[in-house]
Amino acid sequence: MLRPLCTIAFTLLFTLTTSLAHAQAALLVLLFGDKAATENFHFTLDAGLNLSSMPGVSGTTPATGFYFGLGTFIKLNDNWAFTPEFKPVSPRGGKGFENAFVDTTGAVGSYATQLKLNYIDIPLQFHRQVSERFYLRAGPQVSFLTSGKLATTGDLVGGDAFTVTKDIQDDLMPVELALPIDLGLVFSKPRGYKGIDLRLRYCLGLTEVFEANTAGISSTNSTVQFFLSFPFVNVE
């Protein structure tokens, strides 16, 4: 029963993302003209899933989230390109934090706490075409923290569920530096603004997530991203 439901959900997500990509392509071409939809210079719409973890905090487990934003392809020669991106929705964090910020000695029964972070990512990668279908990308990334919360969900002794959130953005570093490395597959070549790439990215956090005065907590971000990339290339 679960497998058919997952298949249906994936199909609906794929259809919705594809429709959104085509609508976005039309808007960008309207704004920038056909010169922004060539093989030498074009935009992409990227959307997919994050699997984030915090290896410096013991006992935590990975958390999932939705990843979304725009990319740019600037061709340098037949094998190389510069591909800066703007990703305003890029969640990170982890599950299983011990500090739940609730009184667990009272009427609270079981509970679990998740650190929820969101960043604006700006990757500045270089693209290397390996073959007609495969490519690699790597380069620095700077990210700006837009929110940071601890969210605790659980059950009271009487059976009622509860959710408690605490804003801890002031305890987090506002800027993060990272190194994203991509493996890309051209799943469908562009034809009339319709093309699809499959991309797998590992993003290694290079700087501390928490402020130095956050007692007893130290970690970087470690993120795996699987997403679809829709290039807006007008190739008939």
Legend entry - Selection from segment 189-236 of residues that are modelled with pLDDT of 85 or more, of a type in the set (Ser, Thr, Tyr) and open to solvent by 10 Å² or more (accessible area, probe 1.4 Å): Tyr202, Thr207, Ser218, Thr220, Ser222
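Residue-by-condition table, conditions (1) in a loop (DSSP other than H, G, I, E, B); (2) touching a His at 6+ places or on another chain (Cβ under 9 Å); (3) modelled with pLDDT under 95:
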{"site": "Asp103", "(1), (2), (3)": "yes, no, yes"}
{"site": "Gly109", "(1), (2), (3)": "no, no, yes"}
{"site": "Tyr119", "(1), (2), (3)": "no, no, no"}
{"site": "Phe126", "(1), (2), (3)": "no, no, no"}
Inset, instruction - Identify all residues within segment 176-225 that are part of a strand (DSSP E or B), without any contact (Cβ under 8 Å) to a residue 60 or more places away in the chain and closer than 20 Å to Val57 by Cβ; write none if there are none. - result: Glu176, Leu177, Ala178, Tyr202, Leu204, Gly205, Phe210
Inset, instruction - Name the single residue, out of those in segment 109-121 being open to solvent by 50 Å² or more (accessible area, probe 1.4 Å) and not polar (S, T, N, Q), that is farthest from Leu156 (Cα to Cα). - result: Lys116
Legend entry - Total residues in segment 39-69, condition over 19 Å from Gly205 (Cβ atoms) and of a type in the set (S, T, N, Q): 2
Legend entry - First in segment 40-65 and assigned to a loop (DSSP other than H, G, I, E, B), second anywhere and among the basic types (Lys, Arg) and modelled with pLDDT of 90 or more, Cβ under 6 Å, 6 or more apart: Asn40/Lys75
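The values are calculated or read from the model by the stated rules, or taken from the named source; none is laboratory data. Keep in mind it's a predicted model, so treat the numbers as computed, not measured. Reconstructed Cβ throughout: ideal geometry from the backbone, glycine too, with neighbour counts over all protein chains shown. When the accessible area is computed, the model is the full protein with side chains, heavy atoms only, and any ligands, DNA or RNA have been set aside. Shrake-Rupley method; radii C 1.70, N 1.55, O 1.52, S 1.80 Å.
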